[in-house]
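Below: one structure, written as structure tokens.
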Amino acid sequence: MFTPKYPPQDTAPIPTAPAPTTYSPTAYVPAPAPVSNRPAVQLTAGSTLALVAGGSAAVLVVGTVLVSMLLAVAVTAASVAVCAVTLRSILKSDRR
């Protein structure tokens, strides 16, 4: 009942290693890299300013969201602490 049950033995044949071949440095020649017809991206002063403004706006929005979440956690913790103190005082006065 408590003896382990092993899976049946694998009956697949053992693979054999292929015969070694001689090395030839010209056997594999990589293809040349494709040449792109697109021009390189050039940043003008206006586009750089737009990128900086967009990045700053994104950082400010993410920071605002994170600070508001932290504030929500702090307010919740404070209210739980006030509830705990109130319940403790109610239960303490009830014992007297």
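Some observations on this one:
- With an a/c value of 1.5 or above and a/b not larger than b/c for the gyration tensor axes a ≥ b ≥ c computed over the alpha-carbon atoms, segment 26-78 is described as oblate.
- Distance between the pseudo-spin-label points of VAL73 and VAL85 (7 Å out from Cα toward the beta carbon): 2.2 nm.
- From its DSSP helices (H runs of at least four residues, each -39,500 (n - 2.57)), the chain gives a residue-normalised ellipticity at 222 nm of -20000 deg cm²/dmol.
- Here the chain exposes an accessible surface that is 71 percent carbon and sulfur, computed with a 1.4 Å probe and the other protein chains kept in place.
- Cα gyration tensor, the chain - rounded (a/c under 1.5), prolate or oblate: oblate
- From most to least packed by mean Cβ count within 10 Å, the peptides 67-79, 33-45 give 67-79, 33-45.
- Cα long-axis angle, helix 45-95 against the chain (0 to 90 degrees, to the nearest 10): 40 degrees
- Taken about its Cα centre, the chain carries a charge dipole of about 660 debye when Lys and Arg each add +1 at the Cβ and Asp and Glu each add -1 at the Cβ.
The values are calculated or read from the model by the stated rules, or taken from the named source; none is laboratory data. Remember, it's a predicted structure, so these values are computed and weren't measured experimentally. Note that each Cβ is placed from the backbone with ideal geometry, even for glycine, and that neighbours are counted across all protein chains shown. Remember, those area values only see protein heavy atoms, side chains included, never the ligands or the DNA or RNA. Shrake-Rupley method; radii C 1.70, N 1.55, O 1.52, S 1.80 Å.
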